[in-house]
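Peer 1: Take a look at this one; I'll ask things after.
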Amino acid sequence: MHSTIDTSPSSASAEVNSFVVLAPSGTEFRSQAALREVESFLKGCFPKLDFYANGDGLPFEGDYKVLPICGVADNDPILVLPDRVLMRGIAAALKGFRPGYSPTLH
């Protein structure tokens, strides 16, 4: 797992560029290998963004969930939320992703 997340805005923008990806229930999604695979897949799709997959939360059914990292409590600045089009693009990419299989397009 990653130990630190940089929420400092780059000089180019103050928009979110890091995301937490929550894996659905099941060891096929929550194993360390599967978590690293989803991070690598998303980095390949969105090379300017960073993704941190996590499977330690409460179990849930369905698709991956993506949360933008907008900042850290009690620290400034809070970053600007990403555009909905970007969030939909990430969600669409994840719909076609299953660890251990070739991605499909949606």
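None of the figures in this text is laboratory data; all of them are computed from the coordinates on show. What you see is a predicted model, and the numbers here were worked out from it, not measured in a lab. No Cβ is skipped: glycine too gets one built from the backbone with ideal geometry, and neighbour counts run over all protein chains shown.
Peer 1: Which distance in nm do the two modelled labels at CYS45 and CYS70 give, with both placed 7 Å along the Cα-to-Cβ direction?
Peer 2: The modelled label-to-label distance comes out at 2.3 nm.
Peer 1: Another question about this same structure. Scan [x] 138; [y] 108; [z] 93 for the value of volume of the Cα convex hull per residue in Å³ calculated from this model and give just the label.
Peer 2: Label of the calculated value: [y].
Peer 1: Which FRET efficiency value, to the nearest 0.05, is calculated for LEU81 and GLU61 with the Förster distance at 30 angstrom and r the Cβ-Cβ distance?
Peer 2: The pair LEU81/GLU61 has a calculated efficiency of 0.70.
Peer 1: Ordered by residue, what ³J(HN,Hα) values in Hz, to whole numbers, does region 15-26 give under the Karplus form 6.51 cos²θ - 1.76 cosθ + 1.60, where θ = phi - 60° and Gly and Pro are x?
Peer 2: Going residue by residue, I get 8, 4, 9, 10, 9, 9, 10, 8, 8, x, 4, x Hz, with x marking Gly and Pro.
Peer 1: How far apart, in nm, are two points set 7 Å out from the Cα along the Cα-to-Cβ line at ALA14 and at THR27?
Peer 2: Each label point is offset 7 Å from its Cα along the Cβ direction, giving 4.7 nm.
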